[in-house]
Structures are given as structure tokens and as C-alpha cells.
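The values are calculated or read from the model by the stated rules, or taken from the named source; none is laboratory data. Computed from a predicted model, the values in this text were never measured in an experiment. As a convention, Cβ positions derive from the backbone with ideal geometry for all residues, glycine included, and neighbour counts pool all protein chains shown. Note: accessible area is taken over every heavy atom of the protein model, side chains too, but ligands, DNA and RNA are not part of it. Shrake-Rupley method; radii C 1.70, N 1.55, O 1.52, S 1.80 Å.
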Amino acid sequence: MAHLTNPGPFHPSIPRPLHNPASAPAPAAAQPQVHDHGAAPANHNHDHLTSTTQLRTATPGASQPLMKSPSATHALIRGDRTAGMLTMSDDHVMMNQILATHSPDGRDVDVRPLLYLVEDILNRATEHVDFIIKGTQAQIEMEEKAQQANYIAMLEALTFTIDRIACELSYKALRGSDPHATTTAIFSFLSSYAWDAKLVLSLSAFALNYGEFWLLAQIYSTNQLAKSMAILKQLPSLLEHTAPLKPRFNALNTLIRTMMDVTRCVVEFKDLPSMYISPDAPALASAMTLIPTAVYWTIRSMVACATQISSLTSMGHEYGVSATESWELSTLAHKLQNIHEHLRKQLNLCYQHIEEKKDVDTFHMLLKLFDPNVAHIDNMKHLKALIYAGDDKLPLLDGATRRKVGLEVLRRRNVLLLISSLEFSGDELAILEQIYSDTRMHEAGMQSHYEVVWIPVVERSGVPLSEETQTRFEALRSSMPWYSVEDPFLIEKPVMRFIKEVWHFRTKPILVVLDPRGKVLSQNAIHMMWIWGSAAFPFTSYEEEKLWSKETWQLNLLIDGIDPLILDWIKDGKYIFLYGGDDMEWISKFVASARTVASTFGIPLEMVYVGKNNKREQVKKVAAIIKERKLSHCWEDPAMVWFFWTRLESMMFSKIQLGRADDLDPIVQGIKKLLSYGREGGWAVLSEGSNILVNGHSTTVLPTLVDYVQWRGNVAEKGFNLSFIEYHDKLHNVAHPCCRFEFLATTKAPESIRCPECHRVMEKHTAFVCCHDEQAIPDSLFAS
């Protein structure tokens, strides 16, 4: 098929097949007599031209018949093709010939729009094979392309080149030329183009011929013009016998789809961003050495496919497929598949390299963005950097309305970023929800002060998340009344790195506070939230110092609003024992001794069991026994026990963050003792109202109660409080209970800490702990 164009003064007016000196001329008796009706201007790519139009109307020579018989032409095609496959077995020699033709002039051709068009043609053409075999003549409408203007401009510049290659493929296929010689001729003609352009232009030429073939096959039965053209190409006879030819078409389709795969791969290499990957990167360098070979074998495969189609149209359905031809198609498909697999592997490595470079750039961008010395108008840049909101996606889920919303709802608001993994304990979430709800309900105007946004940090090994992980994420998100990120994949890898390295997120939830301009007010205000709730707003270090300055070592600080009953006892001025531990024998003796002392001295005493800061299941069992035996008041809700100890730990971490962990003030010392006592044995805190009298270990508190006869003589003179304190301190000075603090490896521990008992710097040890507390209490203790 020859498409006549007006190429301008630098091209011949009529395209002709390319000539390659390397291809051997056919014997004189077999050569068609071609008459050149026009001279072409000299051009290093277009010198040796023979008009395809003239080929079709040439007058045969005396020794040449008007038309070869199908069997004779069939033999000629098979012989030439087989010889080509065998004589060019030396890939090294062959590729040296191809590389010798490569002389790019630096022109940059955007082949993407052309490739999209070619893919559309070939995809529809390969589909038509199945449609026709099934007896379906349904017409498929071509989709509108978004870049139609780009197609027109691009085609105007490249149509002549594409048409020339199409003519070459058709002519050489009909003539039965050596496939390597035809391929080399195409490379010579395209010598000034880059490898990706050579490939896409050649594939475009092949698509032009192949698409025309199937277009006629599709519409010839309903369009008279198409029918007449189809008769000339013997299509009606061919299409009446499609079933026997189906294996042949399937082999062609397999090869064509592999050609498209390789072409896409080569174009993707061309489009890799040079700012993120250099040519000397190992993956890219390895691929670039293979691309010339990939381009050669893909174009060589186009020649083979064109020969198959030409033989069908010229010789009809009677032209069968020999074993040699089947071997050629399968061999080419296998070779291209191997090439594609290698290129795709290297391309994936390139993408990984680029992704890593981009991640580093994004990480450094976050460092600059959150630089406290840089001022911003609002917080939108910061939020968009943390939560990917591309493609106009609504990245947040409103916990109140369950609707997706954009980041605009957070513009110029104080934002509390609640950052956690999916290992978010129910106790933590329940307490946070209570604080959040109380704030919204009771504190007037506070709703306009800040918004909470959950940022899930989910480690993922693939896309999408596993079903189990996705279910856990959705369950956790649905339980939150505040804003939450709608999809974990909106938190990208460099953001997770920033959260871990800069904001020190490990596994426990943190609460990062941003002011309306995106400035970080606190890298972790979760401790302030646990201690003071929303009263700590705006959660700055200054506010933290100010709140601590108002606190004293009293029971109110320890209990806050956890248990309203205890607050009532405080108001009534009662004596209160807070106690804990997991040794039921000690607990029974302690409760009995405390009641004896209270009865002896006539003091109003209340007691409450608050467990300990580990061995959750064991504490639940102890609380059940205490309730059953009516020993004292106890917290049956595990969330209350958890919150009590979490607040104590938060007080400790707050002091550490402020650099006050080694202060000798009563609050720091009292917190340290309670946290240490809570790890081992029993303990008790005695207060009168809110005034704490004794904070002691089981080894000192119980003996003080049991030995009350030793100090009761002092009560008349010194009073109960002082007498109890002095005797306890006397025992304490002898006992000196051991102190121990445990910091999880996932938390930021202080470099050093002083003992609350002797004030010396404590030794640092690494411990591995596994507490099987569910079996710590013998079943006999639960007997009634």
C-alpha cells in the first residue's frame, strides 16, 4: 500500500522500497522488470528507491511469467526466510551491522501519542480475529483521544517516514526477501532517530498495514467500497476459511502483543526522569546495552508478521503453515518474551531506584517545611505534604458525619495529629474518646480551637493491604469520632520515615500538635493529654511548665477524674488507702490490718484496689476476688486501671521531656516510687483527704500496720498522722526496697535516671520479659 504525500523538497514525491546493499539480488530470471518513472533527490537515507506503485504495474521480463504460482512463491518465501534465520546465527556480527547504521542527529521525538494510537490499532486488530472466527461483525468505535491536537501535529511530521516503512514491509514481504536484510534496510532508513523512535515508527508502519487488513475484514460485508478492495485482496475467500487458520492467527497475535510489550518497555526507559536516575546507574546501564538488540528483534518480528499476512492475501487460504514457519513465529515470540522479561526486570529496578531518590527528596522537603525558623501563611502545605491528596481525592473521613472531606476543613486550625499503628489498645482509644467528647460537650468554644486527625502508620509489603489488615484498619477508623485518613496508602514511605526519625514514633501512639500556620508546638502531647486533658491546650512546653507549677504531690493529682467516688471521699476528709499488687495473701493481711488500725484509732478509712502496671489478666482476677470477699472498693473496669498507670507514666515522661526527671521535688520522687513499686510486690499510698501521708512498699507499709502497738503510744502526743509516718520511715530506712524502671525498646528512654530511694544514678540493664500472667494465680484462690 502506498500513501502519496507531499513531503516537501527534501524527500521524493513517491515513496519507494528501501534498498540495502547487504541484501543479495534475486536471480535475473526471478527479478521483476521495474521502470523508474521519476528521479528522487539525493538523500543519505533515501538513495536506493524503487517505486512500490510501479512494482504492482511492472511489465515482466521475457523470462518472467506474469504471476508466479502460489506454490512457487510459497517455496521462495520459505527458502529466503529460512536462510535468513540460519545465516545470521551470529548475533554479535548481526548487531555490529545494526549498530553501524545508528547515527542519531539529536532530534527529540515524543513517541508517546503515536504509541497510544498504534496500541489502539493493534489491540483492536488482534481482537477482531476472535470476533470474526466467532461470526461476529460488531463494529468497535475508536475512543476519543484526549490529545487529538498532538496526534495531528505529530502525524504531519512523521507520516512520510511511516508510509515509507509500510511500503518496505509490504514490498519485501511480497517479494520474499531476506528478513534480516529487510530489517537492516529499515534501520538504515531510520539511522538518524533514537532507538525508541525507530521502534515506534516501525511499529506504526506495521500497524498501518495490519490495521488495514482487519478493517477491510471487518466492514467488507456492509460497505461496497471495502468489498471491492477486499475482493482484490482475496479476503472473502480467506475469511470463509478462518477456522483452519485460527492457530496461525493466534501465533501472530501472541507475537504482536509481545512486540507491543517490548515497545512499551523501551519507551518507558526513554521517559525515565534524568533528575532521579543517571545513565551510569547499574540497572539503566544494563538495559541500555540490551535495547538495540530488543529493537532489532522486535522489528525483525514485524517483518515476519508482515510476510505471514502478505502470503495470506496473495495466495489465499490454501497457503498453509509449514513447520519451519511455525518454528519461526514461536522462536521470535520466545526470544522477545525473554528480552521483555529482562528489560522489565531492569525497568523495575530503575523505578525502585527512582522511588528511593524521590523518597529522599520528599524527606528533605519535610525537614525544610517543618523548620521552626521558617514562617508560613497557613498549614495547608504541611498537611498536603503529610497526607497525599493528589487527583482531587478527598483524603479524610469525618468521624461525626462518616463523609469524606478535603484538607480544607483544617485550614488555619490547630491540628492534633494522632499518630499510631493498628495496635491501638481499646483502653487508650476509649479514654481518648471520652476526653474528646467531654471537651466538645462541656468546654464552651473549645471546638473551634483544635481538630484531631488520625494518621495511621501501616507497614505494607504490597498493594492492596491484606484482607485482615484492611479489616482491622476499617474497624479502628470507624470507632473514631474525629477526622481520620481515609486510606493508609495516603501516608507515603518518606512521611512514615519522617514521623519515626523526627517525631520519634515507635509503636505507642503520639500526638503531634500543629498551630494554624503548621508550626510544631509539641512533638508529642499525648502525655499532657493523659495528665490534664484539653486543659493543656495549646499543648506547648510553656503550657506544660505552667501546669506543673500549679500541681502538688496530692491524691487529686493521682486520681483526677478517674473515680468520682474517691473525689467524694477526699471532700469528706476521709483517710484513703490506694493499694495494689498481685499477691492475694499480702492483700488479705494488708486489708485486715488496715481495718484493725482504723478501728483502734477511730479514723474514717476507705480503701481502693488499683492493681499494678503490668499483668493485666492477673489484676482482673485479683479484683474479682476482692469484690467477691468484699475486702474493699476496687476498679473492675480494666480501662480505669490502665489509665491510672498510664497517667503516672505520662507524668514521668513529661518530666523527662522537660529535663526534670532527676529533680528532688516530692512529685518526681513520688511518681518514681509508685512506678517502681507497681512492678514488684505490693504497695500502698495513705492520704488524709488529698494530703498524701505515706507512699510505701509492701515490705514497709504492712509491718507499720501490723506493729501499730509499737507506735500507738505516740498518737496522743504527735497525732495519728505523724506517728504513722515516723514509724514507716524508720522501717523504710532499714528496708530500702529495690527500685526498678522499665522502658520499652520502642520508647525514647532517658540516658540516666536517679533512684528515688537513695538518689544515686541507677544501673542500666537490658531485659527480656515474657509475662504469662493468666496462670499466675492458683485456681484454688477462686474457690468460695
Extension gain from I603 to H504, taking 0.36 nm per residue of separation minus the Cα-Cα distance: 30.7 nm
Per-peptide average of other Cβ atoms within 10 Å, ordering 545-555, 500-510, 191-201 highest first: 191-201, 500-510, 545-555
Accessible area per residue in Å² at 1.4 Å probe, computed on segment 593-712: 36 Å²
Linear extension gain, E717 paired with E156, 0.36 nm per residue minus alpha-carbon span: 190.8 nm
Inter-label distance, nm, simple model (7 Å from Cα along the C-beta direction), S425/N373: 4.1 nm
Solvent-accessible area, 1.4 Å probe, carbon plus sulfur percent, for segment 561-650: 51 percent
Rounded FRET efficiency, nearest 0.05, which uses the C-beta distance separating E636 from V520 and R0 of 41 Å: 0.55
Å² of accessible area per residue within segment 379-536, as computed with a 1.4 Å probe and no ligands counted: 45 Å²
Simple label model, 7 Å out from Cα along Cβ direction - E726 to E617, nm: 4.9 nm
Set K519/K672; K404/K546; K493/K550; K508/K655 screened for pairs whose C-alpha atoms are more than 30 Å apart: K519/K672; K404/K546; K493/K550
Accessible carbon and sulfur surface of segment 379-536 relative to its total accessible area, %, 1.4 Å: 49 percent
Cα-based shape type of segment 627-688, given that a ≥ b ≥ c are square roots of the gyration tensor eigenvalues and the cut on a/c is 1.5: prolate
Cα→Cβ-extended label distance, 7 Å offset, between D108 and L394, nm: 4.0 nm
